[in-house]
1. Sort 82-92, 175-185 by the packing proxy (mean of other Cβ within 10 Å over each peptide's residues), most packed first.
2. Would you mind getting the Kirkwood hydrodynamic radius of the range 101-143 from its Cα pairs, rounded to one decimal in Å?
3. Residues with amide H under 5 Å of Trp102's amide H, sequence separation 5 or more or different chain, H placed in the peptide plane at 1.01 Å from N; which?
4. So what does log10 I(q)/I(0) come out to for the range 59-145 at q = 0.14 Å⁻¹, using the Debye formula with one equal point on every Cα and no solvent?
5. Rg and Dmax of the range 136-263, using alpha carbons, in Å: what are they?
6. Per residue, how much accessible area does the chain show when a 1.4 Å probe rolls over the protein heavy atoms, in square angstrom?
7. By the scheme Lys and Arg +1, Asp and Glu -1, what is the net charge of all other residues having a beta-carbon under 14 Å from that of Ser104?
8. Give me a comma-separated list of calculated 3J(HN,Hα) values for the range 226-233, in order, Karplus coefficients 6.51, -1.76, 1.60 applied at θ = phi - 60°, integers in Hz, x for any Gly or Pro.
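The values are calculated or read from the model by the stated rules, or taken from the named source; none is laboratory data. The shown structure was predicted, so the numbers you read here are calculated from the model rather than taken from an experiment. Every residue, glycine as well, gets a Cβ built from its backbone with ideal geometry; the counts of neighbours run over all protein chains shown. Heads up: the accessible areas ignore ligands, DNA and RNA and are worked out on the full protein's heavy atoms, side chains in. Shrake-Rupley method; radii C 1.70, N 1.55, O 1.52, S 1.80 Å.
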Amino acid sequence: MSAYSILHNIVRLLADRFCRQDIIPLDDMSDEEAYAILQSLDISQNRLGFDPEGLYSPPVWRISPDTVLKRTDGAHFEPFTMLLVSTTTTIPVPRVRKYVTWDSDVWVFMEYVGGRNLEEAWPSLSFFTKLWVMWKLRDCIHQLRQIPLAEPRTPGPIDGSGEPQRCIGYYFTELSVGPFASYADLTAWYDKRAQIAVRLDHLASEASGKAPCLSLRKLIFDNSGPLVLTHGDITPRNVILGDDGRLWLIDWGFSGVYPLWLEYACMAAYRNASAPRLWRWFVPLVTGWYPSQLSYLQALGEALMLYDL
């Protein structure tokens, strides 16, 4: 048996131990106790997350001094991925205590991390602390890309089952897409989005009397690099400057196995006028610079985000 097979089996066993509702979790919480907490949960109280504009309400509640509760949309892959990362890297990730399925959602009980969300803390940090943050994120992404994965690698989230999962995130429509059985299937889906984008561009050009901007000859999905594990949503709100002096990565709901350059594209989705200037400047340092791949995704526009044919 190869070293990878041994490691993969260990992670699968650990995931079954900590992430299945019929197994006693780390803190010996029973299913009945978990359901009782859910039934008594007041969603208007103890909600975590920095939301200065009142537009983003994270589905996370602090239910005890050392435990938070997160609601996910039926996704079992998030706690599995967190366990995989915590057991194969040095990236600080909240410890998963238990998860249960209740009322069509998956509720994850996990470690509370004391500290400040970077979206809140960033303005008060010194220049050198900000550089340290970006360098630590660079190391986190490097470690994610080194995690051994089953071969052949299948695009999308991973939950330990070995089965392909539907892809969710910034560049997979509003409702998720897939599952994809292979890298080629993912490429084919993007090729179809490109065809739709070109048709829409030509229709708009005819209506405006201007020349088309897009062509299939130039819209080529880059599948030349490997599929690697990505976080998929590294923004300041998902990074915690811990009271312990460490930098924690939270919210793995968009994580999955994707092309190497997708982490850059996902971080670039936050690179807009409202993002901190230094954050925008240093994204290429953190992830590597993939401008042509980002331009490809941006060119797909509505065909990428709104059409799932």
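1. On the way: 82-92: 19.9, 175-185: 15.5.
In descending order of packing, they fall as 82-92, 175-185.
2. Across the range 101-143, the inverse of the average 1/r is 13.3 Å.
3. Here Trp107 satisfy the definition.
4. -0.63
5. 17.8, 60
6. On the way: 15410 Å² over 309 residues.
The answer is 50 Å² per residue.
7. Working: positive: Arg71; negative: Asp73, Asp103, Asp105.
Counting the neighbours of Ser104, the net charge comes to -2.
8. x, 8, 9, 6, 10, 6, x, 7
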